[in-house]
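Below is one structure, written out as structure tokens, with a few remarks after it.
Coordinate-derived values only; no laboratory data. Just so it is clear, the model here is predicted, and its values are computed rather than measured. In this analysis, Cβ positions are derived from the backbone assuming ideal geometry, glycine residues included, and neighbour counts consider all displayed protein chains.
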């Protein structure tokens, strides 16, 4: 019986391990697709349309929002970003899981969308605020000012932890990865993900009645 795919949402404050765990999840199951966001900003050197982003004119993006063709969207630094509904719906109907690396606002929009029955949302918490800062500093990617801004924003992200289906404390990366795999494996067996169950139960009913 073919299953429906999941919309797997991973959210966390910056530095809590979201990108690393998303990468490991896709290495564990290469059939998991990463949601390609749409944006109205211009493509940067080296970016490919349909791979890095789907680059859309603002008028087209606004039309898609109006026609409910975006699962979630946001306006950031003068440009629009969002997740087109069509490719995601096509993927999950074909039995493929789609992974979203988005913040709590995007997660809430998807949780309130028509595809809500197939959403699996997971929030990653750091073991401590001190450890979160240490991880940001150890990456060596951001200035002290940027790290300070990320830390300020982190609590806003963390404060929405209770709106997710699952919450994992990413204390030890390998252990969290195993927990994540266990959750995805179990959720794939959720009743809403197995459309063939209705026909199977009907078949059982017919066999039962014929045997009486």
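Rounded to 0.05, the FRET efficiency of the residue 41 and residue 181 pair, given R0 = 22 Å and the Cβ-Cβ distance, is 0.05. Only Cα pairs within less than 10 Å get springs; with that Gaussian network setup on the chain, which residue of 44, 188, 134 has the largest fluctuation? Looking only at 44, 188, 134, the biggest GNM fluctuation is shown by 44. Averaging the sequence gap over all C-alpha pairs within less than 8 Å and six or more residues apart, then dividing by the number of residues, gives the chain a relative contact order of 33 percent. Helix 18-28 and the longest principal axis of the Cα set of the chain meet at an angle near 40°. I'd like the distance between the alpha-carbon centres of the stretch 37-108 and the stretch 137-212, rounded to an integer number of Å. Each part reduced to its Cα centre gives a spacing of 21 Å. Report summary: the helix-based calculation at 222 nm, which adds -39500 (n - 2.57) for every DSSP H run with n ≥ 4 and divides by the residues of the chain, gives -13500 deg cm²/dmol. Exposure proxy shown here: for 32, 102, the number of other Cβ atoms within 10 Å sets the order, fewest to most, as 32, 102. Starting from the Cα of residue 172, step 7 Å toward the Cβ, then list every residue of the stretch 1-45 with an amide N under 18 Å from that point. Under cut-off, by backbone N: 17, 21.
Between residue 24 and residue 190, what length comes free when the chain is fully extended (0.36 nm per residue of separation minus the Cα-Cα distance, one decimal in nm)?
57.5 nm
When each of 19, 121 is scored by the number of other beta-carbon atoms lying within 10 Å, the sequence from fewest to most is 19, 121. Of the listed values (i) 43, 34, 30; (ii) 60, 38, 32; (iii) 75, 44, 30, grab the one calculated as Cα extents along the principal axes in Å from the structure here. Correct label, based on the coordinates given: (iii). What distance in nm separates the simple spin-label points at residue 155 and residue 139, each placed 7 Å from Cα in the Cβ direction? Placing both labels 7 Å beyond Cα along the Cβ direction yields 2.1 nm.
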